[in-house]
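K.L.:
Before anything else, here's the structure in question.
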Amino acid sequence: MNDFACGLFLNLIYMSVCMMPIFVCLEPQYGSRENIAAVSCYLWVIMVSAESLLHVSHDVFFVIRGIFIFLFFLVLLVFFRGDPIKKAFLYASAGLFVHLAASLNDLAVWMLRGRAGLSDSQIRVIVSFAAACGYYCLVRFWLKKRVNSLFDQLSVKNAVLLFIFPSAFLLVLFIGSHTVFASDQLFQRGMGDILFFLFLCAMILVLYIMLLNSILELLNRKKTEEELRFARQLIAQQREHYNQSLDYMEQVRIIRHDFRHHVHALLHMDKAEVVRYLQKLQEELDTSAETVFCQNQAVNGLLNEYAARAEKAQIRFSAQLDLSAHVPVDDLTLCIVIGNLLENAMEACQRMKDGRFIRLQARWTEDHLMMLVENSYCGQIRQRDGKLISSKKDGGLGILSIHRILNQPGDEFDMDYDDSVFTAMVKIVARCGG
């Protein structure tokens with residue numbers, strides 16, 4: 001394989017490394033991956049061939065390649081789904097690994113020159129191909145999952161900060177490889193400088209991996225802590241509801257015990273006194289009884305809690321639930337889903353001044369529970385990558401909690417909205433032993 005063919009293959013390998021993160025981590029919006037890759041390869045081959053055929057100088061071709069890489073990134077922005085900042089992060093990461101691979105090529109050429117029976121160009125192709133295979137494994141089995149998890153949880157501001165890190169590493173490596181650590185100067189200064197440059201490249205790679213792992217671990221820890229906090233609040237609410245039920249049962253027992261005394265007193269009163277006595281007794285019964293929204297005690301207690309909060313905040317609250325005490329869905333699932341939906345509805349209503357309302361409907365149909373929560377809101381919706389995102393500081397952990405607990409086949413969770421009403425729709429299939 002002559003030098004021209006080696007140069008062509010080398011450039012194709014570099015192009016594949018630039019394409020790899022976005023092609024592997026994102027889904028195409030128009031066309032297919034194969035078509036986009038084919039068009040990209042054709043354009044890249046034309047550009048590289050033009051350099052040799054037209055005898056373009058290295059400096060001019062460097063500028064042309066930079067323009068092509070920028071235009072190529074714009075193509076990826078259009079043809080793949082995802083936030084621009086996420087695509088920019090993946091593209092900067094690709095550039096970082098391209099420069100790391102180029103530095104590795106220079107070292108391999110210096111070490112194997114005249115020893116392996118291969119030309120410099122052939123050595124570069126072999127080393128670049130091996131590095132590209134390793135990079136694909138890194139992207140496919142490590143980077144893809146972490147990047148998707150990170151950008152699903154990070155705010156726009158934090159996502160921009162995350163993009164700065166690979167960009168800064170790329171800038172340091174790019175400037176260093178063209179000035180102090182240029183290959184022609186580096187090999188003249190000796191093994192000490194070469195080892196230092198290798199150590200710098202290794203540290204950049206290690207810092208990149210550690211950075212993503214650390215940020216993802218912090219986000220997961222924060223999410224877990226928030227879910228634990230919510231679980232503690234839910235347990236505290238259920239304990240309070242249980243105590244209220246005990247108090248209510250005790251009041252009923254006392255009323256039943258005293259009922260014969262009431263009857264005895266009524267028998268010795270005239271009509272006017274009987275009316276006043278019964279009115280007073282009715283008031284006492286009304287204040288001691290809570291509203292019955294459904295037959296499920298845990299859900300009923302939770303709804304009474306939110307009904308009281310809504311009344312205090314002057315929010316119209318209505319709930320129509322057809323839930324028996326033996327619905328085949330565990331109380332924890334029901335309370336987490338309903339509690340999170342009502343909590344989000346309450347916060348949305350509290351941002352408004354007038355026309356605030358919350359409506360909850362639920363009924364059991366065949367083998368699943370259908371639930372609908374409607375609430376007024378200010379009409380402002382935030383979206384990222386076509387998905388609704390929360391405006392709360394915690395990033396919408398309630399929604400994440402609902403997605404996490406609705407993990408059975410057939411479970412569904414969807415949200416819709418118009419100018420004034422936000423709607424959350426939930427389908428929960430029967431749980432064994434629920």
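K.L.:
Answer yes or no: is there a residue in the range 110-118 that is touching a Gly at 6+ places or on another chain (Cβ under 7 Å) and either hydrophobic (A, V, I, L, M, F, W, C) or more than 24 Å from Ile175 (Cβ to Cβ) (or both). Walk me through it before giving the result.
P.N.:
Step one: of the range 110-118, the residues touching a Gly at 6+ places or on another chain (Cβ under 7 Å) are none.
No, because not a single residue in the range 110-118 is touching a Gly at 6+ places or on another chain (Cβ under 7 Å) and either hydrophobic (A, V, I, L, M, F, W, C) or more than 24 Å from Ile175 (Cβ to Cβ) (or both).
K.L.:
Moving on. Residues of the range 149-196 being within 30 Å of Ile85 (Cα to Cα), open to solvent by 60 Å² or more (accessible area, probe 1.4 Å) and assigned to a loop (DSSP other than H, G, I, E, B), which ones?
P.N.:
Listed by number, the list holds a single entry, Thr179.
K.L.:
OK, next. Return the only residue of Ala362, Ala307, Ala325, Ala298 being under 17 Å from Asn375 (Cα atoms) and in contact (Cβ under 8 Å) with a residue 24 or more places away in the chain.
P.N.:
Going through Ala362, Ala307, Ala325, Ala298 in turn, the sole match is Ala362.
K.L.:
So if I check each of Leu303, Leu321, Leu341, which one is touching a Cys at 6+ places or on another chain (Cβ under 7 Å), modelled with pLDDT of 85 or more and open to solvent by less than 50 Å² (accessible area, probe 1.4 Å)?
P.N.:
Just a single option satisfies the conditions, and that option is Leu321.
K.L.:
Determine the pairs where a residue that is at negative phi and open to solvent by less than 40 Å² (accessible area, probe 1.4 Å), located within the range 23-50, has a partner that is not in a helix (DSSP H, G or I) and not charged (D, E, K, R) with Cβ atoms under 7 Å apart, the partner being 6 or more residues away or on another chain.
P.N.:
Once the first residue is at negative phi and open to solvent by less than 40 Å² (accessible area, probe 1.4 Å) and sits in the range 23-50, its partners that are not in a helix (DSSP H, G or I) and not charged (D, E, K, R) give Leu26/Phe80; Leu26/Gly82; Pro28/Phe80; Ile36/Pro28; Ala50/Val56.
K.L.:
May I pose another question? Among the candidates Arg81, Arg124, Arg146, single out the residue that is of a type outside the set (Asp, Glu), modelled with pLDDT of 85 or more, open to solvent by 40 Å² or more (accessible area, probe 1.4 Å) and in contact with a Leu (Cβ under 7 Å, 6 or more places away or on another chain).
P.N.:
On inspection, the qualifying residue turns out to be Arg146.
Listed here are the residues, each with its yes/no results for (1) farther than 30 Å from Ile405 by Cα; (2) of a type in the set (A, V, I, L, M); (3) modelled with pLDDT under 75; (4) surrounded by 13 or more Cβ atoms within 10 Å (Cβ to Cβ).
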{"residue": "Phe230", "(1), (2), (3), (4)": "no, no, yes, yes"}
{"residue": "Asn243", "(1), (2), (3), (4)": "no, no, yes, no"}
{"residue": "Ala272", "(1), (2), (3), (4)": "yes, yes, no, no"}
{"residue": "Leu281", "(1), (2), (3), (4)": "yes, yes, yes, yes"}
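K.L.:
Take the residues in the range 402-427 that are open to solvent by 40 Å² or more (accessible area, probe 1.4 Å) and acidic (Asp, Glu); name whichever of them is farthest from the chain's Cα centre (by Cα).
P.N.:
The extreme case among them is Asp419.
The values are calculated or read from the model by the stated rules, or taken from the named source; none is laboratory data. Since the model is a prediction, treat every value here as computed from it, not as a measurement. So basically every Cβ, Gly included, is an ideal-geometry build from the backbone, and we count neighbours across all protein chains shown. These area figures cover heavy atoms from the full protein model, side chains too; ligands, DNA and RNA do not enter into them. Shrake-Rupley method; radii C 1.70, N 1.55, O 1.52, S 1.80 Å.
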